[in-house]
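Where a number appears in this text, it was derived from the coordinates with a stated rule and is not lab data. What you are looking at is a predicted structure, and each value in this text was computed from that prediction instead of being measured. Glycine also receives a Cβ, built like all others from the backbone with ideal geometry; neighbour counts cover every protein chain displayed.
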Amino acid sequence: MADIEKPLRQLRLAVRKIEAEAQLVEGLRDYAKSESGRLTPFGKNFVAICVEAQIPQSEIAKILGVTGSAISQNVAKMKEL
């Protein structure tokens, strides 16, 4: 029985970490998107920071829960400015 305690403890810690990260992403999405699903000013700034950090647009889209097309459009608008 003692042989399984350490792996179970590690698994519980990993699950807690994943849950905390999921809450962080959920909170980020709440700030980044309006109720209609459009990017807020915060969301647009987040995209700009991610692009500057060379995070792939597909990853940014996953983080924010939007389409890659939405990110591409916002990046194109940023480049126009």
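If I take R0 = 25 Å and measure r between the Cβ atoms of ALA20 and ASN45 in this structure, what FRET efficiency does the formula 1/(1 + (r/R0)^6) give, to the nearest 0.05? Kindly include the intermediate steps, with their values, before the conclusion.
Working: r = 23 Å, r/R0 = 0.94.
Taking R0 as 25 Å, the efficiency between ALA20 and ASN45 is 0.60.
Report the relative contact order of the chain, percent, no decimals, based on alpha-carbon pairs under 8 angstrom and at least 6 residues apart. All intermediate terms of the calculation are to be shown ahead of the outcome.
Values: 42 pairs, mean separation 18.0, N = 81.
Taking the mean separation of contacting Cα pairs over the length of the chain, I get 22 percent.
Can you work out the FRET efficiency for the pair ASP30 and VAL75, with r the C-beta to C-beta distance and R0 = 22 Å, to the nearest 0.05?
Details: r = 22 Å, r/R0 = 1.00.
That pair, ASP30 with VAL75, gives E of 0.50.
From largest to smallest, what semi-axes in whole angstrom does the chain give when each is the square root of 5 times an eigenvalue of its alpha carbon gyration tensor?
On the way: eigenvalues 253, 35, 17 Å².
Working from the Cα gyration tensor, I get semi-axes of 36, 13, 9 Å.
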